[in-house]
Amino acid sequence: MEELVGKLEGILGEGEVLTDEISLASYSYDASGYIYRPEVVIRPGNIDELTEVVKVLMDYRVPITPRGAGTSLVGGPLPVNGGAVIDLQMLNEVLEVDEDQGIVQVEAGVKVAELNELIDGRFMPINPDGTGSSTIGGLAAEDAASPLSSVYGTVKDLILGMEVLLPNGDLVSLDGPVNRSRRNLIDLLIGSEGTLGIVTSVTLKLPTEPEERMAYEITFNDLMDAMSLAEEMEKAGIRQAAFEVYHNLGLVMGSAETEAVGYLEIMGPPECVNAWDSRIRELSNRVGVTSINPIDPYEADTIWKERAKIYEVAKATKSALKVGSFKVSPSSTRDFVQEVDRTSNRMKLKSISVINPLLGWVIAILLHKRSESKEVERAEKGMSEIVRISNNMESSMGYGLGVGINRISADIDEGFVQIYSAIKRSFDPYWLFNPGKLIERD
Amino acid sequence: MMLGEDLSFEVNRCISCGACNIVCPLFIVTGFQETAGPRARLRLLSMVNTGALEFSVEFLEYLYDCMSCGKCNEACPVELKISDLIVKVREFFIGQGYVPPFNIVQLPRKVKDSNSFFGDSQAKGVWLPPDFKPEKASILYYAGCWAQEYPEIPLSSFELIKRVEGNVTTLGYEEPCSGRILEMAGYSDVVEEIRPRLVERVREVSPEKVVSSCSVSVRAFKFMGLEATSLSNFLLEALRSGKIKLKQPIRLRKHKVSVIPSCQSEWEAKEIVEMVEGENFTELPDWACCDCGAVLSSLLDGSSFNKWAERVLKEAKERQVNVLVVEEPSCFGLITKYINENKVKGIKIIPLSQFILNRT
Ligand SMILES: Cc1cc2nc3c(=O)[nH]c(=O)nc-3n(C[C@H](O)[C@H](O)[C@H](O)COP(=O)(O)OP(=O)(O)OC[C@H]3O[C@@H](n4cnc5c(N)ncnc54)[C@H](O)[C@@H]3O)c2cc1C
């Protein structure tokens, strides 16, 4: 170890290779609640340094865990097998800005808040944690999603190209005009959670801010009504910019008896938005919602961009959150959410499910007190249980947030594990890039 | 659980999202080093609490190694007052008998002996005539510890206040410490002990209002039920109401001015300098604020403050700033020291009060 640290310091100079207890502890957590301490933390200042550092670590066969801002909810940037954590936040150069096209090329450590500042009138619609602190590298690695993903897609839909450092030390560029095969490779790397390579820079297109917006708060007696409303709106050609339904929100916050509260936003040219508005009210009536009230688009902003509802719950219940993210087929959404309820009841914990009906995206949240170790244990157990159930219901884990430590094993998804393992071995024969994440080693 | 129930509960409320990090000056100037930000302080406290991390001398020192700007207090989406919580934790450890870093442990004795954390009992009134005695007045000018190091600050401040209100006095050689720095260091018991002295001295001059150069002290006077305001706030009002009139500035082409406000203020200093300088004014990033809170970290090995100062001066130079106005006397002192030690060229720093006085 000493020899290795010496070599690393030879590359970075002192001060950016950290081995003291306090620094190691401060890179042992993210937003998931898990704790795994690295043996060394490395903070390269540029891509050349990163490349050299990775070569040395590979020579010494040290596990490498890339880290952005550490906002992962699934333990992604935690070194479950020890070894090195590489903090990529100092790779934060803006390499190119094309204002007319809305295209920017930035290094992996650039944060969402900064992307929002780059071009007037354009913005980064995927701001997963809401505070703007996550990095574009982290977003790419998780293929992050947001409530606005119904219109803007996930991060992969914004990414045009990227540059990646592979485990063999090669820095490869997948930038430039995209043909099908190059696109396939980009898509393979996006969402690979740092297991195949380290993203060093990303080229992405920032969308323009919408012309007109309208937003609503809708309450439902039955989650199915929310599902039907989403379906009806889709059939009617209404562009749902975001529609998120919070199941149990009232219950947890100690207010309404309604089963679910939905927040809906539509955006587009004023003519469309106005026409959609009356149509939405009509459809809501037909579906039988309990209430529908317009809200200020700025309030909607705080709900999407600041993740306001999730933070409100954490604040009001003074709880930590154990979070899992799932993609579920529309027909089984309701059953899945009921299973989340059942599991949380069994674990004597409160839960909230956040459902995006259009995307079939369900975020299950188990609330627990971090100061009570029994509750923490029950929350972890509950989440594993939900993962198991999701598998039986043919849903898949890891939309947006990533899979991380929850790892997909062969008994959950045999085909995936088989192919991914083969790819993994060809990229990373010693299994050193972010081991213990995404898939179970076969 | 080492921290006891109440503190543990608060510390564990952190949801670890990192919103506090992106506003933290030290997190930013260290190139986003997780260790430097507020999230790490809370998460590590919770590890110490459960025994997952050893409680050590280094850890206690770490708890003091921050700019104490309070920005994290406002950033938390679950409304944890992080900076205040860390002060409570310092207090808790002191209460348990743990000994903070050397220069911090010295603070209570120095303040008790000399009314200032410099520990020099005769120095506080050096800017006044030797036979100065406070008199009854409607405004009390509170000079603070750093008056003795940079007499030009209290002299220019006092002069400005006098021009605005006439009837002003100050506590002079016997001016007691407001205790804010002790409070931030976790010595609230010592503050209780020394505050009566301040109350007594202030009563003797029975002012209607206190104007304080030391902006962190404003809070202490408010606790005493007195109307209190920072010097910058006072000056801003005086400028707005025309009680202070400025000479037409000579607009030099290569002249760029910026300001480092106190983290405790509401950006009055920024407004003042912008008002005075017009187009020659340029803004520094939000995290470039500093006051007496930074003294705590400078009392450690000083490396954190130095990193901060280095980066602030770099940002200033990138904006072609050649005059940097500093609101807080303590910050002026710390930066002056940094500039002298590191032989920084091409930038002149000037206390806010003097900056205004020069233009009247
Ligand atoms: C309150 C809250 C709400 C959230 N809501 C959402 C949500 O709605 N949707 C969503 O998608 N996420 C959400 N997240 C999770 C998180 O914000 C995202 O996963 C984000 O993309 C992580 O970015 P990061 O920079 O913090 O990466 P980190 O957390 O540091 O790392 C995440 C993963 O990416 C890898 N990684 C990081 N940088 C690189 C790189 N340059 N190259 C290769 N691999 C890398 C890491 O190894 C790790 O596996 C939420 C988080 C919080 C705290």
Pick from the range B:259-275, criterion open to solvent by 10 Å² or more (accessible area, probe 1.4 Å) and over 18 Å from the mean Cα position of the chain (by Cα), ranking: nearest to B:Gly346 (Cα to Cα)
B:Glu274
Report, by residue number, each residue of the range A:340-359 that is crowded, with 20+ Cβ neighbours inside 10 Å, within 23 Å of A:Phe243 (Cβ to Cβ) and touching a Ser or Thr at 6+ places or on another chain (Cβ under 8 Å).
A:Val340, A:Ser351, A:Ile355, A:Asn356, A:Pro357, A:Leu359
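How many residues, within the range A:315-332, are within 14 Å of another protein chain (Cβ to nearest Cβ) and free of Cβ contacts under 8 Å to residues at least 24 places away in the same chain? Full working, then the answer.
Just the residues of the range A:315-332 that are within 14 Å of another protein chain (Cβ to nearest Cβ), to begin with: A:315-323.
Filter once more, keeping what is free of Cβ contacts under 8 Å to residues at least 24 places away in the same chain: A:315.
Qualifying residue count for the region: 1.
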Could you look through the range A:158-170, keep only residues that are within 15 Å of the ligand (Cβ to nearest atom) and surrounded by 17 or more Cβ atoms within 10 Å (Cβ to Cβ), and pick out the one that is nearest to A:Pro357 (Cα to Cα)?
A:Leu158
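State which residue is farthest from the ligand (Cβ to nearest atom) when the search covers only the range A:115-135 and only residues that are aliphatic (A, V, I, L, M) and away from every other protein chain (no Cβ under 14 Å). Even if it seems obvious, please write down each step before you answer.
The initial filter retains those residues of the range A:115-135 that are aliphatic (A, V, I, L, M), namely A:115, A:118-119, A:124, A:126.
From what's left, away from every other protein chain (no Cβ under 14 Å): A:118-119, A:124, A:126.
On the way: A:Leu118: 17, A:Ile119: 21, A:Met124: 12, A:Ile126: 7 Å.
So the residue we want is A:Ile119.
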In the range A:381-405, anything over 22 Å from A:Pro435 (Cβ atoms) and of a type in the set (Val, Ile, Thr) is listed as A:Ile386, A:Ile389
If we scan the range A:113-131, do we find a residue that is at pLDDT 95 or above, closer than 27 Å to A:Val62 by Cα and out of contact with any Phe, Trp or Tyr (no Cβ under 6 Å at 6 or more places or on another chain)?
no
Please determine, by comparing only the residues of the range A:16-34 that are at negative phi and within 14 Å of the ligand (Cβ to nearest atom), which one is most open to solvent (accessible area, probe 1.4 Å).
A:Tyr34
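State all residues of the range B:280-312 that are among the aliphatic types (A, V, I, L, M) and either more than 19 Å from B:Cys66 (Cα to Cα) or under 13 Å from the mean Cα position of the chain (by Cα) (or both); if no residue qualifies, say none.
Here is the first cut: in the range B:280-312, the ones among the aliphatic types (A, V, I, L, M) are B:284, B:288, B:294-296, B:299-300, B:309, B:312.
The answer is B:Leu284, B:Ala288, B:Ala294, B:Val295, B:Leu296.
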Can you find a residue that is polar (S, T, N, Q) and within 10 Å of the ligand (Cβ to nearest atom) anywhere in the range A:138-151?
yes
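This table checks each residue for (1) away from the ligand (no atom under 14 Å from the Cβ); (2) in contact with an Asp or Glu (Cβ under 8 Å, 6 or more places away or on another chain); (3) not in a helix (DSSP H, G or I).
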residue	(1), (2), (3)
B:Glu10	yes, no, no
B:Phe32	no, yes, yes
B:Arg39	no, no, no
B:Arg43	no, no, no
B:Val48	yes, yes, no
B:Phe55	yes, no, yes
Options A:Leu8, A:Leu4; residue that is crowded, with 19+ Cβ neighbours inside 10 Å and not small (Gly, Ala, Ser):
A:Leu8
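Quick check on the range A:48-79: of everything there that is aliphatic (A, V, I, L, M) and in a helix (DSSP H, G or I), which residue is farthest from the ligand (Cβ to nearest atom)? Talk me through it step by step, then tell me what you get.
Filtering the range A:48-79 for residues aliphatic (A, V, I, L, M) gives A:50, A:53-54, A:56-58, A:62, A:64, A:69, A:73-74, A:78.
Right, trim to in a helix (DSSP H, G or I) and you get A:50, A:53-54, A:56-58.
Working: A:Leu50: 9, A:Val53: 14, A:Val54: 11, A:Val56: 18, A:Leu57: 14, A:Met58: 15 Å.
Out of the qualifying residues, it is A:Val56.
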Mind checking which residues of the range A:94-113 are more than 18 Å from the chain's Cα centre (by Cα), of a type outside the set (A, V, I, L, M) and within 12 Å of the ligand (Cβ to nearest atom)?
A:Glu107
Would you say A:Thr71 is open to solvent by 20 Å² or more (accessible area, probe 1.4 Å), within 14 Å of chain B (Cβ to nearest Cβ) and among the polar types (S, T, N, Q)?
yes
Residue hits (the range A:395-420; within 10 Å of the ligand (Cβ to nearest atom) and crowded, with 21+ Cβ neighbours inside 10 Å) are A:Gly398, A:Tyr399, A:Gly400, A:Leu401, A:Gly402, A:Val403, A:Gly404
The one condition B:Ile28 fails out of (1) within 15 Å of the ligand (Cβ to nearest atom); (2) modelled with pLDDT of 95 or more is (1)
Any chance the range B:127-146 includes a residue that's in contact with a strand residue (DSSP E or B) (Cβ under 6 Å, 6 or more places away or on another chain), assigned to a helix (DSSP H, G or I) and at pLDDT 90 or above?
no
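Taking the criterion of being in contact with a Phe, Trp or Tyr (Cβ under 7 Å, 6 or more places away or on another chain) and open to solvent by less than 70 Å² (accessible area, probe 1.4 Å), would at least one residue in the range B:189-209 satisfy it?
Taking the range B:189-209 and keeping what is in contact with a Phe, Trp or Tyr (Cβ under 7 Å, 6 or more places away or on another chain), we get none.
No.
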Please go through the range B:5-59 and give me each residue that is of a type in the set (Phe, Trp, Tyr) and either more than 7 Å from chain A (Cβ to nearest Cβ) or surrounded by 23 or more Cβ atoms within 10 Å (Cβ to Cβ) (or both), ordered by number.
B:Phe27, B:Phe32, B:Phe55
Residue tally, condition surrounded by fewer than 17 Cβ atoms within 10 Å (Cβ to Cβ) and within 12 Å of chain B (Cβ to nearest Cβ), over the range A:35-54
2
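Please tell me if A:Thr258 is away from chain B (no Cβ under 14 Å) and either out of contact with any Lys or Arg (no Cβ under 6 Å at 6 or more places or on another chain) or open to solvent by 10 Å² or more (accessible area, probe 1.4 Å) (or both). So that I can check it myself, show each step before the final result.
Numbers: away from chain B (no Cβ under 14 Å): yes; either out of contact with any Lys or Arg (no Cβ under 6 Å at 6 or more places or on another chain) or open to solvent by 10 Å² or more (accessible area, probe 1.4 Å) (or both): yes.
Considered against the rule, which asks whether it is away from chain B (no Cβ under 14 Å) and either out of contact with any Lys or Arg (no Cβ under 6 Å at 6 or more places or on another chain) or open to solvent by 10 Å² or more (accessible area, probe 1.4 Å) (or both), A:Thr258 comes out as yes.
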Any residue that is within 14 Å of the ligand (Cβ to nearest atom) and open to solvent by 10 Å² or more (accessible area, probe 1.4 Å) - is there at least one of those in the range A:329-338?
no
Being in contact (Cβ under 8 Å) with a residue 24 or more places away in the chain and either in contact with an Asp or Glu (Cβ under 6 Å, 6 or more places away or on another chain) or away from the ligand (no atom under 16 Å from the Cβ) (or both): is that true of A:Met233 here?
yes
Let me spell it out: the conditions are (1) in contact (Cβ under 8 Å) with a residue 12 or more places away in the chain; (2) open to solvent by 20 Å² or more (accessible area, probe 1.4 Å); (3) more than 8 Å from chain A (Cβ to nearest Cβ), and B:Met1 meets all of them except one. Which number is the exception?
(3)
Filter the range A:111-135 down to the residues that are in a helix (DSSP H, G or I), touching a Gly at 6+ places or on another chain (Cβ under 8 Å) and open to solvent by less than 10 Å² (accessible area, probe 1.4 Å) and list them by number.
A:Val112
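The values are calculated or read from the model by the stated rules, or taken from the named source; none is laboratory data. Small disclaimer: the values here were computed from a predicted structure and weren't measured. Positions of Cβ are backbone-derived with ideal geometry, glycine not excepted, and every protein chain shown enters the neighbour counts. These accessible areas exclude ligands, DNA and RNA; they are computed on the full protein's heavy atoms, side chains included. Shrake-Rupley method; radii C 1.70, N 1.55, O 1.52, S 1.80 Å.
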